[in-house]
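So the structure is just underneath, and the comments pick up after that.
The values are calculated or read from the model by the stated rules, or taken from the named source; none is laboratory data. Because the structure is predicted, anything quoted here is derived from the model rather than measured. When we count neighbours, we look across all protein chains shown, and the Cβ atoms used for this are built from the backbone with ideal geometry, even at glycine. Areas reflect the complete protein model, heavy atoms only, side chains present, ligands, DNA and RNA absent. Shrake-Rupley method; radii C 1.70, N 1.55, O 1.52, S 1.80 Å.
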Amino acid sequence: MLLLGLESSCDDCSAAVVEETDAGPRLRSLVRKSQDGIHGPFGGVVPELAAREHLLQIRSAITEALAQAQARWRDLDRLAVTQGPGLVGSLLASFSASKAIAWREGIAWVGVHHLLGHLNAARFEAPGLPFPALVLLVSGGHTHLYLATDWTSLQLLQKTRDDAAGEAFDKTARMLNLGYPGGPLVDACAVSSRHSAEPFTPPKFRDGKASWSFSGLKTGVKLRIERNPRLAEAGAEDPEVQGLCRSLQEAIAAWLLKPVAAFAAEHRAKSLIISGGVACNSRLRSEAVSVAAKAGLALAIPEPRLCTDNGAMIGAAGALLPPCPDPWGQNADADLQLALRPL
Ligand code: KG4
Ligand code: ZN
C-alpha cells in the first residue's frame, strides 16, 4: 500500500510518501518545510503567520514528496492527514488540501490523530516491537505516558499537570536569549558543557498521583537568571550558560524516565517507545538506553527527523486505520481527543 502522509498541525509543513509492506513501513520520500525563520524573531509560533505560510508551502511540499518518491497520483492507495489536535488554521491547510485531492483523484482518505502519528514514527525503526509497550510522547504540547497494546490502542498512565517538557526547553532558550526553536539550541549548549550547574529539585506531589510538572523549571531558570543577570546575555559559548542547560536537560531526562521501571513492572511491558520532538534530545536518548536495559525493555526511538512533526509518521499511522467513507463530512479539530482504552 502506498500512502501520502501530510502534517501541518503547528509550524512544520510536511509531506511524505510511505510504502506499507509486510515488513512494516518504508519511507519513500520526506519533505519538511521549516518556518523557523518566520517565527524566530517572535520567539514562538505565531498562529496566523503559520497558517498563511502553510497555505503557500503545502502544494510544493506535496509535489516534491511525490517527485522524490517517483510516484504519481494514480500510484497512491491512500491519503493520510493530521486531523488534530493543533492550531486550527495550520491544520486546515493540509486537511483541506487532502480532501480536495481525495475528491479529485478518487483516493481513499483517512484522518489521523497527531499523537498516533508520533507513536507510529517508531514503526520505521522497529516494526516488530513486542507489546505491551510503554509509550512516552514528549513534544512542545504533550508530555504523556501511555500503555499500548498495539500500534493504535493506547491507555493513559500519566501526563504533565502543567507545561509540556518541550515548553521548558523553549522557554529556557528564550530566557537565555539562545534563539528559536529552543530545544535543539539548549541541547547543543548542554552538550558543549564540561560541568553541570546546581541540579534542579524535582517537584513533590502531595496527592501522590502519578504525574509530572515542568512549570517549576521555568521559575527555577528565571530565579537563577535574576541572581546572575549576566546569564541572559552571555550566549551559548558561556560555560555557565552551558552548565545551566546541562542541568536542565539532565533534570528533564531523569524526570521523564523515572516512572518507566515501575509502570513496566506493573503492566508487564516488553518495550519502551519514545517519540515527539523532545525525543531528539541527546540526554533523553542516552539515558533511555540504560533505563530500558535495566528494566529489560526493548527500546525504540525514531531517528530525529521522524521524532519532530513530519508527514511520514502520519502516513505510517494512516496505514493501520480504516479509511473514512465520508472525507467531505470531516473537519480538522484543534482539540481532537485520542480514543483511549480504559486502564
Ligand atoms: O513534536 P514536535 O515537533 O511538535 C509538537 O507537536 O509540539 O515537538 C517540538 C518540540 C519543541 O518544544 C522543541 O523545542 C522540542 O520538541 N525539541 C527538542 C529537541 N528538538 C526538538 N527538545 C529538546 N532537545 C532537542 N534536541
Ligand atoms: Zn508533534
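Structure summary
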{"quantity": "In the stretch 93-129, residue farthest from ligand 2 (Cβ to nearest atom) [restricted to those that are among the aromatic types (Phe, Trp, Tyr) and more than 19 Å from residue 305 (Cα to Cα)]", "calculated": "103"}
{"quantity": "Residues that are over 16 Å from residue 15 (Cα atoms) and among the β-branched types (Val, Ile, Thr), drawn from the stretch 61-106", "calculated": "88"}
{"quantity": "Residue 259 at pLDDT 95 or above and open to solvent by 50 Å² or more (accessible area, probe 1.4 Å)", "calculated": "no"}
{"quantity": "Test result for residue 134, out of contact with any Pro (no Cβ under 6 Å at 6 or more places or on another chain), among the hydrophobic types (A, V, I, L, M, F, W, C) and within 16 Å of ligand 1 (Cβ to nearest atom)", "calculated": "no"}
{"quantity": "Enumeration of residues in the stretch 1-50 that are part of a strand (DSSP E or B), more than 22 Å from residue 75 (Cβ to Cβ) and open to solvent by 20 Å² or more (accessible area, probe 1.4 Å)", "calculated": "33, 34"}
{"quantity": "Count of residues meeting criterion [at negative phi, of a type outside the set (Ser, Thr, Tyr), open to solvent by less than 10 Å² (accessible area, probe 1.4 Å) and within 13 Å of ligand 1 (Cβ to nearest atom)] in the stretch 271-280", "calculated": "2"}
{"quantity": "Residue count, the stretch 139-178 (criterion: outside any strand (DSSP E or B), more than 11 Å from ligand 1 (Cβ to nearest atom) and under 22 Å from residue 87 (Cα atoms))", "calculated": "2"}
{"quantity": "Where a residue in the stretch 196-217 is of a type in the set (Asp, Glu) and its partner, wherever it lies, is open to solvent by less than 40 Å² (accessible area, probe 1.4 Å), with Cβ under 7 Å and at least six apart", "calculated": "198/247"}
{"quantity": "Matching option when the condition is basic (Lys, Arg) and either part of a helix (DSSP H, G or I) or in contact with a Ser or Thr (Cβ under 8 Å, 6 or more places away or on another chain) (or both), among 224, 194, 206", "calculated": "224"}
{"quantity": "Residues being open to solvent by 20 Å² or more (accessible area, probe 1.4 Å) and not charged (D, E, K, R) - total across the stretch 130-152", "calculated": "10"}
{"quantity": "Of all residues in the stretch 244-301 being assigned to a loop (DSSP other than H, G, I, E, B) and within 16 Å of ligand 2 (Cβ to nearest atom), the one that is farthest from residue 146 (Cα to Cα)", "calculated": "281"}
{"quantity": "Breaking point among (1) over 20 Å from residue 305 (Cβ atoms); (2) touching a helix residue (DSSP H, G or I) at 6+ places or on another chain (Cβ under 8 Å); (3) surrounded by fewer than 20 Cβ atoms within 10 Å (Cβ to Cβ), for residue 56", "calculated": "(2)"}
{"quantity": "The lone exception for residue 214 - which of (1) away from ligand 2 (no atom under 16 Å from the Cβ); (2) open to solvent by less than 20 Å² (accessible area, probe 1.4 Å); (3) in contact with a Cys (Cβ under 8 Å, 6 or more places away or on another chain) it fails", "calculated": "(3)"}
{"quantity": "Which numbered condition residue 90 fails, given (1) open to solvent by less than 50 Å² (accessible area, probe 1.4 Å); (2) in a helix (DSSP H, G or I); (3) away from ligand 2 (no atom under 16 Å from the Cβ)", "calculated": "(3)"}
{"quantity": "Search result, residues across the stretch 96-118 that are within 16 Å of ligand 1 (Cβ to nearest atom) and out of contact with any helix residue (DSSP H, G or I) (no Cβ under 7 Å at 6 or more places or on another chain)", "calculated": "113, 114, 115"}
{"quantity": "Qualifying positions in the stretch 227-242 - over 14 Å from residue 178 (Cα atoms) and either open to solvent by less than 20 Å² (accessible area, probe 1.4 Å) or touching a residue at least 60 places away in the same chain (Cβ under 8 Å) (or both)", "calculated": "none"}
{"quantity": "Residue 140 within 15 Å of ligand 2 (Cβ to nearest atom), small (Gly, Ala, Ser) and in contact with a Cys (Cβ under 9 Å, 6 or more places away or on another chain)", "calculated": "yes"}
{"quantity": "Meets criteria (open to solvent by 20 Å² or more (accessible area, probe 1.4 Å), under 30 Å from residue 35 (Cα atoms) and in contact (Cβ under 8 Å) with a residue 60 or more places away in the chain) for residue 186", "calculated": "no"}
{"quantity": "Residue that is more than 30 Å from residue 188 (Cβ to Cβ), within 16 Å of ligand 1 (Cβ to nearest atom) and under 18 Å from the mean Cα position of the chain (by Cα), where the choices are 312, 334", "calculated": "334"}
